[in-house]
Amino acid sequence: MVRKNEFEHIKAELTQRKQELEQKLIELSRERITDDQVQDPGDQALSSTMESLRTSLQTAETEEYQRIVRALEKIEDGTYGICIDCGQPISEKRLKSYPDAARCLVCQELFEDREKE
Ligand SMILES: [Zn+2]
């Protein structure tokens, strides 16, 4: 079952978000280079705090970026929005909150229960 057309708007949103993240990641890596030139000890302390803050921010954004890329790939090959466990369509509401959801809500809960044990 191909639900490609249904996801045109999700695809548009994801593409836009992907571009924003690309821009941010480029900016973050540029700032990192500038920071290396700071020599003052006080500045260095601040700089390392900023650096760790930036690194965690960059990690979160890189992860989000990768999720978006995967979701876009799935939309392209027509497997987007299908639960990988039961093969049923994932609700659009869920996809709006979790664009990269691989499972429907029921299967996700079962999956998380299994993970806990
Ligand atoms: Zn399912």
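The values are calculated or read from the model by the stated rules, or taken from the named source; none is laboratory data. All of these numbers come straight from a predicted model, not from anything done at the bench. Every residue, glycine as well, gets a Cβ built from its backbone with ideal geometry; the counts of neighbours run over all protein chains shown. Areas reflect the complete protein model, heavy atoms only, side chains present, ligands, DNA and RNA absent. Shrake-Rupley method; radii C 1.70, N 1.55, O 1.52, S 1.80 Å.
I'd like the full set of residues that are open to solvent by 40 Å² or more (accessible area, probe 1.4 Å) and more than 16 Å from A12 (Cα to Cα), limited to region 88-103.
Once the filter is applied, which keeps residues that are open to solvent by 40 Å² or more (accessible area, probe 1.4 Å) and more than 16 Å from A12 (Cα to Cα), region 88-103 yields Q88, P89, S91, K93.
Cβ-Cβ under 9 Å, sequence separation 6+ or interchain: first residue in region 5-32 and without any contact (Cβ under 8 Å) to a residue 40 or more places away in the chain, partner hydrophobic (A, V, I, L, M, F, W, C). Which pairs?
E8/I75; K24/L57; L28/L57; E31/M50
Taking region 62-87, which residues are over 16 Å from L14 (Cβ atoms) and not β-branched (V, I, T)?
C83, D85, C86, G87
Working only within region 77-87, note down all residues that are under 21 Å from Q66 (Cβ atoms) and either near the ligand (Cβ under 10 Å from one of its atoms) or surrounded by fewer than 16 Cβ atoms within 10 Å (Cβ to Cβ) (or both). Before you say what the answer is, go through the steps one by one.
Just the residues of region 77-87 that are under 21 Å from Q66 (Cβ atoms), to begin with: 77-84.
Of everything in region 77-87, those that are under 21 Å from Q66 (Cβ atoms) and either near the ligand (Cβ under 10 Å from one of its atoms) or surrounded by fewer than 16 Cβ atoms within 10 Å (Cβ to Cβ) (or both) turn out to be D77, G78, T79, I82, C83, I84.
For region 69-98, what are the residues that are in a loop (DSSP other than H, G, I, E, B) and either modelled with pLDDT of 90 or more or out of contact with any Lys or Arg (no Cβ under 7 Å at 6 or more places or on another chain) (or both)?
T79, Y80, G81, C83, I84, D85, C86, G87, Q88, I90, S91, Y98
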